[in-house]
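Student: What follows is a single structure, and I will ask about it in a moment.
The values are calculated or read from the model by the stated rules, or taken from the named source; none is laboratory data. All of these numbers come straight from a predicted model, not from anything done at the bench. Note: ideal-geometry Cβ built from the backbone for every residue, glycine included; neighbour counts use all protein chains shown.
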Amino acid sequence: MARRLILDTSLIIAADRQQLRLNSVIGDDDPAISAFTAMELLAGVDRASPMQRDVIALNAEAWLAVLPIVNYTIKVARAHAYLMTHTKREGLPRGSADLVIAATASATGRTLLTADAKADFAKLPGVRAEVVKIS
């Protein structure tokens, strides 16, 4: 049975750098990205040096064209608020990007795939997460 996935930005960057064959990780699964990941990809274009900007822009636009983007809806906002207050209450600070992406996965019943083992997404309540090793 195909998994419903949210891909973390780290996986897309690893694929762009040819450190990961994303197709081998996804297979026949149903991948998507959060709107926040889309923003991170576009910000990467703006941060790129003039010599790299065109290539990075083409890669970002290709990802945005083929991956469904899950919007920041009120359902995602509720999950985000819950995760934010939970992590603060537990004394486990998280970056806002991580919480938005985790909330998107939680609110949509998708599994979060990441290359960032340090993010420890699986410890967040209501978040299913898997770490993918990159080379």
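Student: If you check R94, R53, which single one turns out to be within 25 Å of K133 (Cα to Cα), out of contact with any Cys (no Cβ under 9 Å at 6 or more places or on another chain) and surrounded by 11 or more Cβ atoms within 10 Å (Cβ to Cβ)?
Tutor: R94
Student: For the range 106-129, how many residues are in contact with a helix residue (DSSP H, G or I) (Cβ under 8 Å, 6 or more places away or on another chain), among the aliphatic types (A, V, I, L, M) and outside any strand (DSSP E or B)?
Tutor: 5
Student: Of all residues being of a type in the set (S, T, N, Q) and free of Cβ contacts under 8 Å to residues at least 40 places away in the same chain in the range 86-114, which is nearest to T73 (Cα to Cα)? Just the residue, please.
Tutor: S106
Student: May I pose another question? Go over the candidates A117, A60 one by one and state the one that is within 29 Å of Q18 (Cα to Cα), touching a residue at least 12 places away in the same chain (Cβ under 8 Å) and touching a Leu at 6+ places or on another chain (Cβ under 6 Å).
Tutor: Sole residue among the options that is within 29 Å of Q18 (Cα to Cα), touching a residue at least 12 places away in the same chain (Cβ under 8 Å) and touching a Leu at 6+ places or on another chain (Cβ under 6 Å): A60.
Student: Let me ask you something else. Would you be able to say whether some residue in the range 64-76 is over 26 Å from D16 (Cα atoms) and among the aromatic types (F, W, Y)?
Tutor: So the first thing to find is which residues in the range 64-76 are over 26 Å from D16 (Cα atoms), and the list is 73-76.
Checking the rest, the ones that are also among the aromatic types (F, W, Y) come to none.
Looking through the range 64-76, none of the residues is over 26 Å from D16 (Cα atoms) and among the aromatic types (F, W, Y).
Student: Please specify each residue of the range 33-50 satisfying the condition of being surrounded by 18 or more Cβ atoms within 10 Å (Cβ to Cβ) and of a type in the set (A, V, I, L, M).
Tutor: I33, A38, L41, listed by residue number.
Student: Name the residues in the range 24-39 that are part of a helix (DSSP H, G or I), under 16 Å from A65 (Cα atoms) and of a type outside the set (A, V, I, L, M, F, W, C), would you?
Tutor: T37
Student: Run down L58, L5 and say which single residue is touching a helix residue (DSSP H, G or I) at 6+ places or on another chain (Cβ under 8 Å) and either modelled with pLDDT of 95 or more or more than 15 Å from T111 (Cβ to Cβ) (or both).
Tutor: Numbers: L58 fails: touching a helix residue (DSSP H, G or I) at 6+ places or on another chain (Cβ under 8 Å).
Exactly one of L58, L5 is touching a helix residue (DSSP H, G or I) at 6+ places or on another chain (Cβ under 8 Å) and either modelled with pLDDT of 95 or more or more than 15 Å from T111 (Cβ to Cβ) (or both), namely L5.
Student: Can you say whether V76 is in a helix (DSSP H, G or I) and touching a His at 6+ places or on another chain (Cβ under 7 Å), as far as the supplied structure shows?
Tutor: no
Student: Shifting gears a bit: If you scan the range 63-73, which residues turn out to be surrounded by fewer than 17 Cβ atoms within 10 Å (Cβ to Cβ), touching a residue at least 24 places away in the same chain (Cβ under 8 Å) and assigned to a helix (DSSP H, G or I)?
Tutor: Residue satisfying the conditions is L64 alone.
Student: Given (1) out of contact with any helix residue (DSSP H, G or I) (no Cβ under 7 Å at 6 or more places or on another chain); (2) assigned to a helix (DSSP H, G or I), where does L42 come up short, assuming only one miss?
Tutor: (1)
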